[in-house]
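Written below as structure tokens is the structure these notes are about.
The values are calculated or read from the model by the stated rules, or taken from the named source; none is laboratory data. What you are looking at is a predicted structure, and each value in this text was computed from that prediction instead of being measured. Neighbour counts are summed over all protein chains in view; Cβ atoms, including those assigned to glycine, are modelled from backbone coordinates with ideal geometry. Remember, those area values only see protein heavy atoms, side chains included, never the ligands or the DNA or RNA. Shrake-Rupley method; radii C 1.70, N 1.55, O 1.52, S 1.80 Å.
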Protein chains: 2
Amino acid sequence: MLPRLVPRQPLRLFRWQAACAQGASVQRRTWASRIPRLLGPWGPVGNSPPVCRRSSSTPAGSPEVALTQERYPVKRLPFSTPSEADLAAFERIIPGRVVTDTEVLAASNVDWLRTVRGCSRVLLRPRTSEEVAHILRYCHERNLAVNPQGGNTGMVGGSVPVFDEIILSTALMNQVISFHSVSGTLVCQAGCILEELSQYVEARGFVMPLDLGAKGSCHIGGNVATNAGGLRFLRYGSLHGTVLGLEVVLADGTVLNCLSALRKDNTGYDLKQLFIGSEGTLGVITAVSIQCPPKPRAVNVAFLGCPGFAEVLQTFSTCKGLLGEILSAYEFMDAECMWLVRHHLHLTSPVQESPFYVLIETSGSRAEHDAEKLNDFLEQALRSGLVTDGTVATDQMKLKALWALRERISEALSWDGYVYKYDLSLPTDTLYDLVTDLRARLGSQAKHVVGYGHLGDGNLHLNVTSEAFSRSLLDALEPYVYEWTAGHRGSVSAEHGLGFKKKDALHYSKPPAALRLMQQLKALLDPKGILNPYKTLPAQA
Amino acid sequence: MLPRLVPRQPLRLFRWQAACAQGASVQRRTWASRIPRLLGPWGPVGNSPPVCRRSSSTPAGSPEVALTQERYPVKRLPFSTPSEADLAAFERIIPGRVVTDTEVLAASNVDWLRTVRGCSRVLLRPRTSEEVAHILRYCHERNLAVNPQGGNTGMVGGSVPVFDEIILSTALMNQVISFHSVSGTLVCQAGCILEELSQYVEARGFVMPLDLGAKGSCHIGGNVATNAGGLRFLRYGSLHGTVLGLEVVLADGTVLNCLSALRKDNTGYDLKQLFIGSEGTLGVITAVSIQCPPKPRAVNVAFLGCPGFAEVLQTFSTCKGLLGEILSAYEFMDAECMWLVRHHLHLTSPVQESPFYVLIETSGSRAEHDAEKLNDFLEQALRSGLVTDGTVATDQMKLKALWALRERISEALSWDGYVYKYDLSLPTDTLYDLVTDLRARLGSQAKHVVGYGHLGDGNLHLNVTSEAFSRSLLDALEPYVYEWTAGHRGSVSAEHGLGFKKKDALHYSKPPAALRLMQQLKALLDPKGILNPYKTLPAQA
């Protein structure tokens, strides 16, 4: 049994003790050994791979993921088909790095959620932006479609081909270019893995301004291209603020060098912004300059049980007031999420069963000050009944174990069946109503309807599972979820982007004039439309 | 005599006592009474107007500012000339708000630095975005050039006409649209004055994420259009991160409503980013949604003397480490700056004469924790000889008086003569070398060569004064300053933008491919080039 925060008594910082961490680490080991060897180059197969490819759990010969072109009503655009002559040309540009091996291609054609699948027959692995420029110049001339691919950890089918697009992988563009030890400015190639960059800058007294569940595989270039949000958004804000510069190769092979390492640069239009969140449809990001904040000296995580969603919200207000500038994350999950991580991943809850759980992280420069702030908050939260049970961790391993409960929900969901994922921005006060509403609407059609996410940012991850893909369930969900969201002035994509799967929901969040301008920008920057086609922009009428 | 920090003794927080504040407040009263009445509508004539229009000090009939078209080699583009019929048409769109009064126009045709002057004969004061849309639709059809104008506090001649462009003032678009008291999201019209917004949100427990010397006059729309940096950049980052949404009227009168009030919205291209820093050349910002951080409960300002620039840098490293998340500003100024504010504004230095001064602000949620951190930092800085003298303030009035020493340098400079202003981003370690280098280069040609700025952001404000505008001095400064900056991989505009005066220096900071893309974006969004012509983009060859 874990130590519990006891209401109405003087509080001290409670230390994490045991059980919950173990489930996580056991699972992690098991998981690591399951990663197919061929995935090596796309991510470090270390101790804590954060994303789950269910392929590893299905026996050889199990049904393949349906081809996107068969499951969805999408028509191939009139791009050229890569020929033997094209492959030979690529071979001249990047000798020995033109991949046609079917096993590698099988893995790169399907998304990790196993919901969309393309049929590309060639994957290219450039090492430099000049090589990318050369490749794109060639593809542009030959009218060959290109699917830029980072760690292939996206949630919306943006990172894999829809048809036979050439996969342009950033996996070998994984060099740190420079790091400034006073300012904390990191400049690196686009294919650097987020977790490796984190380790790199942490060893130098800084942290990456973003962190996400897929950190062990995702590439920084992909993070920027998809404007990834994640777990540190509350504290360090959006990539639109923390990215200082980008190097981008445009569709025709032009290298756009806006790789400024300066904190401030107000010389004309901030062109890099165009590419942040454009999902590879306007250019291929080849290098990133990013501002890393100093590494906090003290980090605490509190994992608390709340009796209702109203209390989750009030706890947020209370902790914003009392934790102030040291609050670095405020996450929530419902009881069904906890059930999923316990059931599928064998993690153990560190607190009594509750309708809701919140994870609060503080990051500060002085341990005793932070502890005092956190204790005062916990005391008030317990005393007022906002929180009924809780535990606090300060050491690295235990922090990670608490975080795993929240970070691995997505993985647990993928073990539960086919997952319908929605990533919505909503006013916090009505945010959870959609989950309860949907549970009533779907009844037994769904296995689970769960809600969790970055409450501090008004970001709900709404997930619905069923045994297998079901058209009727999808029809019950869409456009209902989008209409509900638009009706509450929310956004149909808070952080996952649009990719292939959400692009036709764009009009729920953007007015016609904005859609038109998006189309015009696409036409300006990629007149032939070769970059990541069928993504981001709605199919034209 | 003010209390001084005494080295090698136990420290407590020193309180500000007297003298320095008085100079400031006396000056402020004097200043307020000097503002010409006709300027009323463009800014509140309150207790602390922060910008200086020297016109008020020059006797009536004193020489006018030279017309831009006479001083600079610029040719009028073939726009239509506003006719009586046009004025009548505007009168139908915004009855009673078409201004042709020569006194009002005189003030709106010249920048506050009195360095550039246009000859517009009409100023329009719409109240709504629909009116702006109607006006632009008309101007677009008639090929009439338009100069959007906020508080007219810009530093680079971007806010006044070059020839006879129609001035489109946001002064009457000054309504708060909504404020969310939990999230701190403010939505307001573009013409709201920054200081009034600050007061509005501070009364509700939040602060604006930006603050600048011109706050008493500048409009939030202008701040966003110019991507203003300012005094809180170090803590809250760039407007690219804090602006959540914009409503923009495009050149042809299309209203682009991207006025999201959500903290996260990842639905396609982040179109608002295009307009942040575009200086009104791509569209007219009519409303802004912005994320306001919680108001800090404790604010401290330390004003310190440093024996050399190396110590200024080391003090910065030391305070970053010891103040951590509560550090909210790190500003520096050299001895000549202090001389100017003492001489022209009669402010008193609160510390012994030193070669350099730094102003450090902390903003936190708990006074005793912040005081302890600040004391530890001051103790270390004094003990190690980084700082030789200093004073600390915590109450509001005294904080403001210390800030005035730094904020009013620009005003003091404008009393010193004609000012050549450079706003550069440079690596901090070589940042001040340019100032000493220039002093040697210019010798007696210049009255003063001073350096100050936002050191924490690597932002140097380099200013040179002379009795009157001198072509030979300008030639000694340019392109030397820009070449020096480019040679050190800096930026020729850290936060002031390009406007009219810096647009031709753009190529020192952006490669040809970026310039080309800027021109393409301009052509896409404003094909007739009617929006703020002669600004931001270099004159085409």
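Two decimals is fine: what is log10 I(q)/I(0) at q = 0.04, 0.10 Å⁻¹ for the protein assembly as shown, from a Debye sum with one equal scatterer on every Cα and no solvent? These q points yield log10 I(q)/I(0) values of -0.20, -1.30. Shape analysis of the stretch B:394-462 based on the Cα gyration tensor places the equivalent ellipsoid semi-axes at 24, 17, 9 Å, largest first.
Pair-distance distribution P(r) for the stretch B:176-291, from all Cα-Cα distances in 5 Å bins starting at 0: 2, 13, 24, 27, 21, 10, 3, 0 percent. Just the protein heavy atoms count here, and of the accessible area of the stretch B:259-385 at 1.4 Å, carbon and sulfur take up 50 percent. Between chain B and chain A, the total buried accessible area stands at approximately 6300 Å², from heavy atoms with a 1.4 Å probe.
Amide H contacts of A:Ser328 (H built 1.01 Å from N, in plane; Pro and chain starts excluded): A:Glu361, A:Thr362, A:Ser363 sit under 5 Å, all sequence-distant by 5 or more or on other chains. Starting from the label point of A:Pro427 at 7 Å along Cα→Cβ, the same points in the other copies fall at 5.0 nm, in ascending order.
Just to compare against my own numbers: the Cα pair-distance distribution for the stretch A:140-215, 5 Å bins, whole % per bin, please. In whole percents, the pair-distance histogram is 3, 14, 20, 19, 15, 11, 8, 5, 3, 0.
Residues of the stretch B:342-376 whose accessible area (probe 1.4 Å, heavy atoms of protein chains only) drops by at least 20 Å² once all protein chains are present, relative to their chain alone: B:Ser365, B:Arg366, B:His369, B:Glu372, B:Lys373, B:Asp376.
Of all DSSP beta bridges confined to the stretch B:68-169, the antiparallel ones make up roughly 35%. Suppose R0 equals 56 Å. What FRET efficiency, 1/(1 + (r/R0)^6) with r the Cβ-Cβ distance, do B:Val176 and A:Glu103 give to the nearest 0.05? Step by step, r from the Cβ atoms, then E = 0.40. Which FRET efficiency, nearest 0.05, do A:Val74 and B:Cys119 yield, Cβ-Cβ r, R0 51 Å? The formula returns an efficiency of 0.35 here.
In the stretch B:434-479, one over the average inverse separation of all distinct C-alpha pairs is 11.3 Å, which is the Kirkwood hydrodynamic radius. Per residue, chain B exposes an accessible area of 35 Å² to a 1.4 Å probe, with every protein chain left in place.
Rolling a 1.4 Å probe over the protein heavy atoms of the stretch A:432-541, with every protein chain left in place, gives an accessible area that is 51 percent carbon and sulfur. Given R0 = 35 Å, the distance between the Cβ atoms of A:Gln520 and B:Ala88 translates into a calculated FRET efficiency of 0.55. Take B:His346, move 7 Å from Cα toward the beta carbon, and the resulting point lies 8.1 nm from the same point in each other copy, nearest first.
In the distance distribution for the stretch A:373-521, Cα-Cα pairs more than 24 Å apart total 44 percent. D by Stokes-Einstein for the stretch A:51-183, Kirkwood Rh over Cα pairs, 25 °C, 0.890 mPa s: 153 µm²/s. Across all directions, the average projected area of the convex hull around the alpha carbons of the stretch B:417-499 is 5.0 nm². Beta bridges assigned by DSSP with both partners in the protein assembly as shown are antiparallel in approximately 90 percent of cases. Quick note on the stretch A:210-251: its Rg to Rh ratio, both from C-alpha atoms and Rh being the Kirkwood radius, is 0.98. Across the identical copies, the 7 Å label point of A:Ala66, projected outward along Cα→Cβ, sits 7.3 nm from its counterparts, in ascending order.
The Cα trace of the stretch A:269-374 gives Rg and Dmax of 18.8, 53 Å, the first to one decimal, the second as a whole number. For the rotational copy pair A/B, the chain A residue whose Cβ lies nearest the symmetry axis, together with its distance in Å, is A:Gly241, 1. Averaging 1/r over each pair of different alpha-carbon atoms in the stretch A:230-283 and inverting the result gives 12.3 Å, the Kirkwood hydrodynamic radius. Only bridges with both residues in chain B count here: give the DSSP antiparallel percent, nearest 5. Roughly 90 percent of the DSSP beta bridges within chain B come out antiparallel. Based on DSSP H segments of at least four residues, each scored -39500 (n - 2.57), the protein assembly as shown has a per-residue ellipticity at 222 nm of -9500 deg cm²/dmol. One equal scatterer on each Cα of chain A, no solvent, Debye formula: the resulting log10 I(q)/I(0) at q = 0.07, 0.10 Å⁻¹ is -0.38, -0.80. When the convex hull of its Cα atoms is viewed from all sides, the stretch A:279-321 shows a mean projected area of 6.7 nm².
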